[in-house]
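The values are calculated or read from the model by the stated rules, or taken from the named source; none is laboratory data. Keep in mind that what you see is a predicted model, and the values were worked out from it rather than measured. No Cβ is skipped: glycine too gets one built from the backbone with ideal geometry, and neighbour counts run over all protein chains shown. Keep in mind that these areas ignore ligands, DNA and RNA; they rest on the heavy atoms of the full protein, side chains included. Shrake-Rupley method; radii C 1.70, N 1.55, O 1.52, S 1.80 Å.
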Amino acid sequence: MRVILPMPGNEAMAEALARSLGAELGVLSWRRFPDSEAYVRIVSDVRDKRIDVVCTLANPDPQVVTLLFAAATARERGADGVHLIAPYLAYMRQDASFAPGEAVSAVHFARLLSQVFDSVISIDPHLHRIGDLEDIFSVPTRVGRAAPLLGDWIAQNLDAPLIIGPDQESEQWVAEVALRAGAPYVVARKQRLSDHQVRIELPDLTRWSGRRPVLVDDIVSSGQTMIETTRHLAACGMAKPYCLAIHAVFAPKVFDNLALLTERVVTTDTIAHPSNAISVLDTLARLIEPSGCGKSTLISLVAGQSSRRFQRERA
Ligand code: R5P
């Protein structure tokens, strides 16, 4: 038996996953005490059941303690494995120490989650200097990729697109999006100067002037990457771009500012947001292994998308 347990705000995705997998939808009751401490109660019976906790981790800090309490309580109540489905996995961008004493948050966050979950599933975690989630998690991880979904959306909705990646590291998946969309692509150069400042250099776009620019990025956070690229495109006389991103992190006011400058902003539903137009539901459902795999026999049953560690039995 499997229970899909939504953390607050994740009910819609959890319900859709439970329906798609034929699993029970769990009930968690949650509130804050007047002093802001969290109260958590798992209402559903979890004994001897596999628990998949659904919690997308945008704005992670107010959620993490509640998430840890829920996972620990499920285990205490006799769950047969407690797993995390985090369509967006936070803290992966701080993946190195750039100044003495700086926390490598990606590593610490992975360690923390590894202590309370038996496995972690996510969609396109930001992996740059860390190549694979298994390098920082000590439990099995499995990653779904949204590039094919973005490519399909472009193919179905846009004529004569030109796909634009914002930085060199985006090339591997921008190339895949472009191939899927049957479109050419170019990649810009980006230098991040501060939290709210980036410098973008576009290649010569003269030969693509009749095409519709489509910016593709994994995350929009401060929005500066997309906004600065859009400004450069305007300066080159290109049409207003479409902006496609996987994770709609959007710091306050960023979405409105970006929407003013662009033709349309489109995101996947890894984080619920009005710009969501591409669903990762089927990708997530395929990543979740069939129930019946207890914590000691966690073996990959889905080919192609698993981290290496998922391919073998856990010790
Ligand atoms: C950076 O390496 C990422 O791929 C994104 O380009 C970045 O996270 C976007 O951030 P922002 O919206 O703050 O420019």
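Here are some notes:
- Long-range neighbours under 8 Å by Cβ, at least six apart or interchain, first residue surrounded by fewer than 19 Cβ atoms within 10 Å (Cβ to Cβ) within the stretch 115-135, second small (G, A, S) and not in a strand (DSSP E or B): V116/A71; V116/A72; R129/A96; I130/A106; D132/S307
- Out of L244, L179, sole residue that is more than 12 Å from the ligand (Cβ to nearest atom), surrounded by fewer than 17 Cβ atoms within 10 Å (Cβ to Cβ) and within 21 Å of A147 (Cα to Cα): L179
- Residues of the stretch 151-200 that turn out to be touching a His at 6+ places or on another chain (Cβ under 7 Å) and at pLDDT 95 or above, as a count: 1
- From F69, F33, residue being open to solvent by 30 Å² or more (accessible area, probe 1.4 Å), of a type outside the set (D, E, K, R) and free of Cβ contacts under 8 Å to residues at least 12 places away in the same chain: F33
- Pick from the stretch 194-237, criterion among the hydrophobic types (A, V, I, L, M, F, W, C) and open to solvent by 20 Å² or more (accessible area, probe 1.4 Å), ranking: nearest to the ligand (Cβ to nearest atom): L202
Here is a yes/no grid of residues against (1) of a type outside the set (A, V, I, L, M); (2) out of contact with any His (no Cβ under 7 Å at 6 or more places or on another chain); (3) modelled with pLDDT of 95 or more:
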| site | (1), (2), (3) |
| --- | --- |
| V249 | no, yes, yes |
| L261 | no, yes, yes |
| T268 | yes, yes, yes |
| S275 | yes, yes, yes |
| R286 | yes, yes, yes |
| K295 | yes, yes, no |
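- Scanning the stretch 150-177 for residues that are more than 21 Å from S279 (Cβ to Cβ) and of a type in the set (G, A, S) yields A160, G165, S170, A175.
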